[in-house]
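Here the structure comes first, spelled out in structure tokens, and everything after it is commentary.
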Amino acid sequence: MNAFFAAVEQRVNPRLRGKPVAVGGGISKRTVVAAASYEAKALGVKTGMPSWEAKKICPGLIMVAGDMSKYVYTSKVLIKMFNNYTDLVEAFSIDEAFLDVTGTRARFGGEVKIARDIKKRIMERFGLTCTVGIGPNKLLAKLAGELRKPDGLVVIDFEDVPEMFERIPVSELCGVGRKIEGYLAEMGIRTCGELRRCPGRILVGRFGAALGESLYMMGQGKDLSPVVPGWREEEAKSMGHSYTLPKDTFDLDIVKNYLLHLSEQTGRRLRRHGCRGKTVHLYLRYSDFTGFSKQKKMEDYMDDGWDIYSSAVRILEGLDLRGKAVRLVGICLSSLIKNLDQISLLEDKESKKKVLRAIDEVNDRFGEFTVVRGSLLNTELHEKIGMVPFRSSLRR
Amino acid sequence: MPPANINKSIQVGAIFRSGAIHPKWFIWDGRRYGVKEVNYTWRMSKGLAEIHFFSVSDGINSFELSFNSREMTWHLTKVHSQ
């Protein structure tokens, strides 16, 4: 999708159309730009930019508080739409998906016809534009999707690769981030064509077997990774939540309060997936963007927010903030096991399970946090933008 | 200016046709607003209730209406001022 969150907001509010719009956490200076409209992008606003900086570059910028419910709903409808053409649909992010139409394209008149059809349907249903990239593998399809925005349709065949790669910067390849781009530049590799000509042994020597081999394959325009549909996805390896506080704080009690909220959310998510975790990871980010991170393996597997919180507090004990204000709090559980519900010999453990089940039932029926611990009543977590547990955050 | 959160129960005239809801008018503070255009629709779950959202325009302003399908109630949730 093109400038997805911003485009949705421009559809929702017609007065925003044609204007520079950025979607973030609201009008607060602490938020970052989660998405910028094409009008804002043209004026230099970029995704991930702090909102104060975006406003400085573009004083006329309209900051809009994002609303995840719209974006998640739209994304789900799109995935359903894609499933009309193939069951091999991989949700790559909230606004990107891979479709493997190898086995079904003939039925729908070919891949280009499918792409045109999808673009038309998205426009009719939501009034949104999208760019479709078509290629013989995910790497080339993704690259094709990046080449013409907005509202593009680009096809790359294997035969196009040698000529096309000569003029495409290596950073356009999915999987080549800023760091790798820098390392490649040190080796004199700036375009995909230069990567293509670099012998595999040199790349393996510089980056190691896994990454070196992968970069070599990228240079050749090859990608063997399959389209992995949701129903074939691996189980999450960890689950957790993080939250940027509305205000930086030196007060550990405030940090603990948010930690309890996040622990409850994590516990709820674990129980929904029938999982329990044993290793607790706690992380804090300070106002200077340095951080504290520590993990601890606990004696027992857990899925209760209070147990998770108590474990995190044990990690937190003795931490000296040394005059550093906390900006973000995060908690995550790993070493997960699924469907372990052994009856305990201890009566209080069984009682606690019943209470949790009852609370979950109430919250399932009336909405999240309908029943909460009293200590949470003072702590409200505003909805976050740009961090969607779409597949599963903090996984692998 | 961010949209004003209203969250007020309102009366809405709507057509339910082929599994879709089409709001046609609503009454807010005694004034009737005709829906000229439905800009966007989306849904979300709140517990067992499904909330249907409609961003609509009366030709001048944009409003966000919501319909709770469990309680069968309509609300005016937001008014877009910008």
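Laboratory data are not the source of any read-out in this text; all were calculated from the coordinates shown. Since the structure is predicted, the reported quantities are computational estimates derived from the model, not experimental observations. All Cβ positions, glycine included, derive from the backbone under ideal geometry; neighbour counts span all protein chains shown.
Odds and ends about this structure:
- Cα long-axis angle, helix A:68-82 against chain A (0 to 90 degrees, to the nearest 10): 50
- Pairs exceeding a 21 Å alpha-carbon distance, out of A:K70/B:K46; A:K179/A:K247; A:K256/A:K349; A:K19/A:K80; A:K237/A:K297: A:K179/A:K247; A:K256/A:K349; A:K19/A:K80.
- For the range A:239-376, the residue among A:T244, A:V313, A:S351 whose Cα projects farthest onto the positive side of the dipole built from Cβ charges is A:T244.
- Rh by Kirkwood over Cα pairs, then Stokes-Einstein D for the protein assembly as shown at 0.692 mPa s and 37 °C, µm²/s: 130
- Between helix A:347-366 and chain A: long-axis angle, C-alpha atoms, 0 to 90°, nearest 10: 50
- Among A:1-10, A:47-56, the order from most to least packed when residues are scored by Cβ within 10 Å on average: A:1-10, A:47-56
- At full extension, A:K222 and A:I337 could sit 37.8 nm farther apart than now, given 0.36 nm per residue minus the alpha carbon distance.
- Rounded to 0.05, the FRET efficiency of the A:F108 and B:V79 pair, given R0 = 30 Å and the Cβ-Cβ distance, is 0.10.
- Cα gyration tensor shape of the range B:5-56, rounded if a/c is under 1.5, else prolate or oblate by comparing a/b with b/c: oblate
- By the rule of a C-alpha distance below 12 Å, with chain neighbours fewer than 8 residues away ignored, the aspartates and glutamates paired with A:K294 are A:E317.
- Set of aspartates and glutamates with alpha-carbon distance to B:K8 below 13 Å, sequence-local pairs under 8 removed: B:D29, B:E64
- Nearest-ten-degree value, helix A:138-147 long axis tilted from longest Cα axis of chain A: 70
- Centroid-to-centroid separation of the range B:10-82 and the range A:247-324 [C-alpha atoms, Å]: 40
- When you filter the GluC sites (Glu not before Pro) in the range A:203-272 for DSSP loop state and at most 14 other Cβ atoms inside 10 Å of their Cβ, you are left with A:E233, A:E234, A:E235.
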